[in-house]
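The values are calculated or read from the model by the stated rules, or taken from the named source; none is laboratory data. For clarity, every value in this text was computed on a predicted model and none was experimentally measured. All Cβ positions, even for glycine, are placed from backbone atoms using ideal geometry, and neighbour counts span all protein chains on display. These area figures cover heavy atoms from the full protein model, side chains too; ligands, DNA and RNA do not enter into them. Shrake-Rupley method; radii C 1.70, N 1.55, O 1.52, S 1.80 Å.
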Amino acid sequence: MSDVGEVRGCRIPKDLYYSVDDHTWVRLNEDGTVTVGMTDVAQNLAGPVLHAKVKKVGLTRARGKPIGTVESAKWVGPIKTPVSGEIVEVNEKLAEDPQLLNRDPYGEGWVVKMKPTNWDEEVKDLVTGEEAVEKYREKVEREDIKACDHIE
Amino acid sequence: MEDLEGKKILVIQTHGVDTPTRTYSPVYYAIAAAAMEMDVMIWFTMNGTNQLRKGEAEKIELKPGSGVTLKTLLDQALDAGVKLSVCQQSMDLWDMKPEDLIDGVKILGATSIIDLALEADHVMYF
């Protein structure tokens, strides 16, 4: 993937939509569902993830509600969905190997797939492309977030 | 697993700065419960009260060199929506006045804790 922005070593693929304040990303799939995950910046802030608990298929979540929780040695917190909708698939692999979130946050470390219920409106509050990279750059610099570590 | 959203957890912390290794986990569990959408309060009493004095929690580091202090966790707890409250009577024992407390802590009396314990779905006592 060539079109990836970078902020202090943290990767920001430009084809995704982001909720920068919640450190989440959304990919719009061809079948109308969306895939949601945590960003590279989020995995870096959390450090190596020890446990990831994801909500169940069939659950409807409003924007901003947790779709799961993540814990590391120094941090525990929710992953908040940037879009409202029904969870139609969860990444079962995270239970076995939570550090997929660290190693491949935009790929194998995805969290849930959802059927969005208000995408056309909610997408207006997300950022993508170069704008996403710039928004992230502002946040990382404003909050002086440390450079991204990538574990193998 | 049933959905835990809205369940009430009351964490009672009786340990303070004199026993640093006993201070972290209760706060961490409270943050975890809040992340799981529960309604969480930590009640600090007995020796637990003294960690809420301004400047004290910063001195307790989770792991030497980690840069993560008890204050980091207390701030995380407040950000996560955990309510922090302290026993009024125990503040007297430590000669603490309301202005000595870190921001975000509510002072409650003994009868309140009994009400809170009765209302909670679960009480965790440390």
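I want to confirm something. Restricting to region B:35-70 and keeping residues that are under 17 Å from residue B:105 (Cα atoms) and out of contact with any helix residue (DSSP H, G or I) (no Cβ under 7 Å at 6 or more places or on another chain), which single residue is surrounded by the most Cβ atoms within 10 Å (Cβ to Cβ)? For region B:35-70, the residue satisfying everything is B:52. Within region A:1-13, the set of residues being outside any strand (DSSP E or B) and open to solvent by less than 20 Å² (accessible area, probe 1.4 Å) is empty. Among the residues of region B:91-119, just one is aliphatic (A, V, I, L, M), assigned to a loop (DSSP other than H, G, I, E, B) and touching an Asp or Glu at 6+ places or on another chain (Cβ under 9 Å), namely B:102. Among strands (runs of 3 or more DSSP E) entirely within region A:66-138, having at least 1 residues that are within 14 Å of another protein chain (Cβ to nearest Cβ) and open to solvent by 50 Å² or more (accessible area, probe 1.4 Å) singles out A:66-72, A:76-80. The single residue among B:110, B:120 that is open to solvent by less than 60 Å² (accessible area, probe 1.4 Å) and in contact (Cβ under 8 Å) with a residue 40 or more places away in the chain turns out to be B:120. Looking at residue A:59 and the list (1) in contact with a Leu (Cβ under 6 Å, 6 or more places away or on another chain); (2) of a type in the set (A, V, I, L, M); (3) closer than 16 Å to residue A:90 by Cα, which single condition is not satisfied? The one condition residue A:59 does not meet is (1).
For region B:82-93, a residue qualifies if it is at pLDDT below 95 and either on the phi > 0 side of the Ramachandran plot or open to solvent by 80 Å² or more (accessible area, probe 1.4 Å) (or both), and the qualifying residues are B:88, B:89, B:92, B:93.
A quick yes/no check of all residues on (1) touching a Gly at 6+ places or on another chain (Cβ under 9 Å); (2) modelled with pLDDT of 95 or more; (3) of a type outside the set (Lys, Arg); (4) under 18 Å from residue A:27 (Cα atoms):
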{"position": "A:76", "(1), (2), (3), (4)": "no, no, yes, no"}
{"position": "A:82", "(1), (2), (3), (4)": "yes, yes, yes, yes"}
{"position": "A:95", "(1), (2), (3), (4)": "no, no, yes, no"}
{"position": "A:106", "(1), (2), (3), (4)": "yes, yes, yes, yes"}
{"position": "A:109", "(1), (2), (3), (4)": "yes, yes, yes, yes"}
{"position": "A:113", "(1), (2), (3), (4)": "no, yes, no, yes"}
{"position": "A:117", "(1), (2), (3), (4)": "yes, yes, yes, yes"}
{"position": "A:124", "(1), (2), (3), (4)": "no, yes, no, yes"}
{"position": "A:131", "(1), (2), (3), (4)": "no, yes, yes, yes"}
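Residue B:51 falls short on exactly one of the conditions (1) part of a helix (DSSP H, G or I); (2) within 14 Å of chain A (Cβ to nearest Cβ); (3) in contact with a strand residue (DSSP E or B) (Cβ under 8 Å, 6 or more places away or on another chain), and that condition is (2). Within region B:16-38, the set of residues being more than 9 Å from chain A (Cβ to nearest Cβ) and in contact with a Gly (Cβ under 6 Å, 6 or more places away or on another chain) comprises B:16 only.
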